[in-house]
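So that we are looking at the same thing, I have put the structure below in structure tokens.
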Amino acid sequence: MLVHICCSVDSHFFLQKLATIYPKERLIGFFYDPNIHPYNEYLLRLEDVRRSCEKLKIELIEGDYDFENWLCCVNGLENEPEKGKRCNVCFDNRLEKTALKALEIGEKMITTTLLTSPKKSIESLSKSLEAIAQKYNLSYVAPDFRINGGTTEQFALAKKDKLYHQNYCGCMFALEAQRKEQNRYLDELCTPITKQILPSSIEERLELFRKVQECEKNGIQFSLERKKFLNYRLLRAFVKNPLKNIVPSYFMFYSIPSKTYQKVKIENISKNQAFTLKQEAFFISIEGVNLLAKTSYKSVMDLIQNPLHVAFEISLREMILPDDFISLTPIVIVDELIEGGYEIYCDAIMYSDVREVLAIIS
């Protein structure tokens, strides 16, 4: 039987249940999910599915990540609600590929782990499975493992085996609607040009679950802990120097200006550092950063291409502006400081968030 897999939380439970009902069937997983966006989120889910299948000793086949083709399939359905027409088209798209893969490898039966997802309609999935199975002369099964406390059992199993529990289905259109309803910033689709690994980002979670795999392979005991914290995202920023030229600049983590755009003035420069007259911002040259951080950046562009770790950047902020509390003064790094008037544009947000961290059990 070829089993279409959407994520590890669903598949880990579904595959074990399926094996008890069909003990003589050889189960093969097929990860085909071009709806998942962005690509790093796709990689994260794929790696955790692969990890789950290794635990269960089930072969896994990875399908193509043809995101552009998926976009064409759902064109015009972007504003459909969850469980609406877009979901049905998405089901058909993924299940048809599953059927074609089954024919290719000689399997006669198909199903999908989407059946265990609380956000998906079992009725719609069953209809889609039936229609596609008939089209390609295949058999299908659509068991309901949610009943009799199945969903509770599913999530308990995922927690026990420390699986990656995503907080959206994967589709960027559903994600946008979900975040809008939650009045929450859409940070899943925000990646800095510096390629810095931001806290609670998909990239950070990808690193986390790679460490999880390392611990499991090396027999290291660990736990995953959820921690609430104050997150930050810089959306857009630039600096014009006294010559009215836009210059390379780097706004440090937790830089929150009182106004998005403002004109400021620097008169006294000391040790590669300078406050603006009304202390609306603090400027430091790349040389000043090197002296404090013991780094050897040649320029701001060098810093942008090879950013500091966020935790170290926050500690550097405290070195630059010591305070009993976290300073939110914009700290701007430039190549050189010139006395005179500057223009600063800084659009940034702060918000309450949660991140998972790995703790080694000694």
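Determine if segment 81-102 includes at least one residue that is among the small types (Gly, Ala, Ser) and within 16 Å of Gly170 (Cα to Cα). Explain how you work it out, then say what you get.
First, the residues of segment 81-102 that are among the small types (Gly, Ala, Ser): 84, 99, 102.
Going one step further and asking which of them are within 16 Å of Gly170 (Cα to Cα), we end up with 84.
Yes, because at least one residue in segment 81-102 is among the small types (Gly, Ala, Ser) and within 16 Å of Gly170 (Cα to Cα).
Taking segment 331-346, which residues are surrounded by 14 or more Cβ atoms within 10 Å (Cβ to Cβ) and either assigned to a strand (DSSP E or B) or aromatic (Phe, Trp, Tyr) (or both)?
Ile331, Val332, Ile333, Val334, Gly341, Tyr342, Glu343, Ile344, Tyr345, Cys346
Output the residues belonging to segment 78-122 that are among the aliphatic types (A, V, I, L, M) and within 20 Å of His12 (Cα to Cα). Spell out how you get there, then give the answer.
At the first step, the residues of segment 78-122 found to be among the aliphatic types (A, V, I, L, M) are 89, 95, 99-100, 102-103, 105, 109-110, 114-115, 122.
Once the filter is applied, which keeps residues that are among the aliphatic types (A, V, I, L, M) and within 20 Å of His12 (Cα to Cα), segment 78-122 yields Leu95, Met109, Ile110, Leu114, Leu115, Ile122.
Residue under question is Arg45, and the condition is that it be free of Cβ contacts under 8 Å to residues at least 24 places away in the same chain, within 28 Å of Glu214 (Cβ to Cβ) and within 22 Å of the chain's Cα centre (by Cα); does it hold?
Details: free of Cβ contacts under 8 Å to residues at least 24 places away in the same chain: no; within 28 Å of Glu214 (Cβ to Cβ): yes; within 22 Å of the chain's Cα centre (by Cα): yes.
So Arg45 does not fit the description; no.
Return the residues of segment 153-179 that are polar (S, T, N, Q) and either under 14 Å from Phe14 (Cα atoms) or surrounded by fewer than 18 Cβ atoms within 10 Å (Cβ to Cβ) (or both); say none if nothing qualifies.
Going through segment 153-179, the residues polar (S, T, N, Q) turn out to be 154, 166-167, 178.
Scanning segment 153-179 gives Gln154, Asn167, Gln178.
I've got another one for you. When you check Lys97 against the structure, is it closer than 21 Å to Thr151 by Cβ, in contact (Cβ under 8 Å) with a residue 24 or more places away in the chain and in a helix (DSSP H, G or I), yes or no?
Details: closer than 21 Å to Thr151 by Cβ: no; in contact (Cβ under 8 Å) with a residue 24 or more places away in the chain: yes; in a helix (DSSP H, G or I): yes.
Answer is no for this residue.
With respect to Phe253, determine if the residue is assigned to a strand (DSSP E or B), modelled with pLDDT of 95 or more and among the aromatic types (Phe, Trp, Tyr).
Details: assigned to a strand (DSSP E or B): no; modelled with pLDDT of 95 or more: yes; among the aromatic types (Phe, Trp, Tyr): yes.
When the stated conditions are applied, Phe253 does not pass them.
Working carefully through the options Gly84, Gly76, Gly29, Gly63, find the one that is free of Cβ contacts under 8 Å to residues at least 40 places away in the same chain and over 27 Å from Ser139 (Cα atoms). Don't jump to the end; show me each part of the working.
Details: Gly84 fails: over 27 Å from Ser139 (Cα atoms); Gly29 fails: over 27 Å from Ser139 (Cα atoms); Gly63 fails: over 27 Å from Ser139 (Cα atoms).
Among Gly84, Gly76, Gly29, Gly63, only Gly76 is free of Cβ contacts under 8 Å to residues at least 40 places away in the same chain and over 27 Å from Ser139 (Cα atoms).
Next question, about the same structure. Could you look through segment 235-244, keep only residues that are hydrophobic (A, V, I, L, M, F, W, C) and part of a strand (DSSP E or B), and pick out the one that is surrounded by the fewest Cβ atoms within 10 Å (Cβ to Cβ)?
First pass over segment 235-244, keeping only residues hydrophobic (A, V, I, L, M, F, W, C): 235, 237-239, 243.
Okay, now just the ones that are also part of a strand (DSSP E or B), so 235, 237-239.
Details: Leu235: 11, Ala237: 18, Phe238: 14, Val239: 23.
My answer is Leu235.
Oh, and also: On the given criteria, is Glu214 at pLDDT 95 or above and under 30 Å from Ser327 (Cα atoms)?
Values: at pLDDT 95 or above: yes; under 30 Å from Ser327 (Cα atoms): no.
Here the answer is no, as Glu214 does not meet what is asked.
For the subset of segment 275-324 comprising residues that are among the β-branched types (Val, Ile, Thr) and out of contact with any helix residue (DSSP H, G or I) (no Cβ under 8 Å at 6 or more places or on another chain), which member is nearest to Ser200 (Cα to Cα)?
Residue satisfying both the conditions and the ranking: Val310.
Between Ile110, Ile132, Ile122, Ile105, which is in contact with a Phe, Trp or Tyr (Cβ under 6 Å, 6 or more places away or on another chain), aliphatic (A, V, I, L, M), assigned by TED's automatic domain parsing to the domain that holds Ser8 and within 18 Å of Ile5 (Cα to Cα)?
On the way: Ile132 fails: in contact with a Phe, Trp or Tyr (Cβ under 6 Å, 6 or more places away or on another chain); Ile122 fails: in contact with a Phe, Trp or Tyr (Cβ under 6 Å, 6 or more places away or on another chain); Ile105 fails: in contact with a Phe, Trp or Tyr (Cβ under 6 Å, 6 or more places away or on another chain).
Step by step, each of Ile110, Ile132, Ile122, Ile105 is checked, and only Ile110 is in contact with a Phe, Trp or Tyr (Cβ under 6 Å, 6 or more places away or on another chain), aliphatic (A, V, I, L, M), assigned by TED's automatic domain parsing to the domain that holds Ser8 and within 18 Å of Ile5 (Cα to Cα).
Considering only segment 292-317, how many residues are surrounded by 14 or more Cβ atoms within 10 Å (Cβ to Cβ) and part of a helix (DSSP H, G or I)?
Narrowing segment 292-317 to residues surrounded by 14 or more Cβ atoms within 10 Å (Cβ to Cβ): 292-293, 295, 297, 300, 302-304, 307-308, 310, 313-314, 316-317.
Remaining after also requiring part of a helix (DSSP H, G or I): 292-293, 300, 302-304, 310, 313-314, 316-317.
Qualifying residue count for the region: 11.
Considering only residues that are within 19 Å of Cys190 (Cα to Cα) and of a type outside the set (Val, Ile, Thr), which ones fall in segment 314-362? I'd like the intermediate steps shown before the answer.
Taking segment 314-362 as the starting set, the residues that turn out to be within 19 Å of Cys190 (Cα to Cα) are 345-356.
Those that are within 19 Å of Cys190 (Cα to Cα) and of a type outside the set (Val, Ile, Thr): Tyr345, Cys346, Asp347, Ala348, Met350, Tyr351, Ser352, Asp353, Arg355, Glu356.
Regarding segment 271-283, can at least one residue be identified that is free of Cβ contacts under 8 Å to residues at least 12 places away in the same chain, more than 29 Å from the chain's Cα centre (by Cα), surrounded by fewer than 19 Cβ atoms within 10 Å (Cβ to Cβ) and not in a loop (DSSP other than H, G, I, E, B)?
Taking segment 271-283 as the starting set, the residues that turn out to be free of Cβ contacts under 8 Å to residues at least 12 places away in the same chain are 275.
This time we only want the ones that are more than 29 Å from the chain's Cα centre (by Cα), so: 275.
Next, from what is left, pick out any that are surrounded by fewer than 19 Cβ atoms within 10 Å (Cβ to Cβ): 275.
Still in the running and not in a loop (DSSP other than H, G, I, E, B): 275.
The answer is yes, given that some residue of segment 271-283 is free of Cβ contacts under 8 Å to residues at least 12 places away in the same chain, more than 29 Å from the chain's Cα centre (by Cα), surrounded by fewer than 19 Cβ atoms within 10 Å (Cβ to Cβ) and not in a loop (DSSP other than H, G, I, E, B).
The values are calculated or read from the model by the stated rules, or taken from the named source; none is laboratory data. Everything quoted here is computed from the prediction, not taken from an experiment. Cβ sites come from the backbone with ideal geometry, for glycine too, and all protein chains shown count toward neighbours.
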